[in-house]
Amino acid sequence: LNGRFTSLIRRVVLINLVWKSFNTTLRLVSESMRAVVDFDQGLKNIQAITLVNGKALEQVGNSIRVLARDTTFSAAEIANAMTLIGQAGFTMQESLEIISSVTALSIGTLTDLGETVKIVT
């Protein structure tokens, strides 16, 4: 009887661990999908504001991804910042030229990226 109880406890613990792993994986996949959707929406916003498309938009997306990799900001946050810069009247080329400085300023001053964009523009 004691051996069966121990075996049952082990199975319950194993099932609990598998369930927790599944939930964690599901949460991570969901967060990743949300990040992709947010970034895609950011690119669409940039496109609507600056009227860039095709290869130019692809290059903008690549530049944003590189900057996101090299900073503490997500690609979606940088895309939103570039949208704000475009709304302030800057061209896409100008936006690309200043965004790394804006992110550095934001990090250096511990200021929200959106607020930093508003101050700079």
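The values are calculated or read from the model by the stated rules, or taken from the named source; none is laboratory data. As the structure is a prediction and not an experimental result, all values here were calculated from the model. Here the Cβ positions follow ideal geometry from the backbone for every residue, glycine too, while neighbour counts run over all protein chains shown. Each accessible area value is taken on the protein alone, full model and side chains, heavy atoms only, with ligands, DNA and RNA left out. Shrake-Rupley method; radii C 1.70, N 1.55, O 1.52, S 1.80 Å.
A few comments on the model shown:
- Equivalent-ellipsoid semi-axes for the chain (Cα gyration tensor, √(5λ), whole Å, largest first): 45, 16, 10.
- Surface share of carbon and sulfur [accessible, 1.4 angstrom probe, percent] for the chain: 60 percent
- Per residue, the accessible area of the range 6-48 comes to 83 Å² when a 1.4 Å probe rolls over the protein heavy atoms.
- Of 81, 48, 68, the one that fluctuates the most in a GNM where the chain has Cα springs shorter than 10 Å: 48
- Computed over the range 35-79, the percent of Cα pairs more than 11 Å apart is 61.
- Legend: residues 38, 112, sorted from most to least accessible area (1.4 Å probe; ligands, DNA and RNA excluded), read 112, 38.
- Electrostatic tally near residue 68: other residues with Cβ closer than 13 Å to its Cβ, Lys and Arg +1, Asp and Glu -1, net -1.
- Folded to 0 to 90 degrees: helix 54-70 orientation relative to the chain principal axis, Cα: 60 degrees
- Largest to smallest in accessible area, the residues 32, 95 fall in the order 32, 95 (1.4 Å probe, all protein chains included).
- Over the chain, dividing the summed -39,500 (n - 2.57) contributions of all DSSP H runs of at least 4 residues by the number of residues returns a 222 nm mean residue ellipticity of -30000 deg cm²/dmol.
- Relative contact order [Cα under 8 Å, 6+ residues apart], the chain, whole percent: 21 percent
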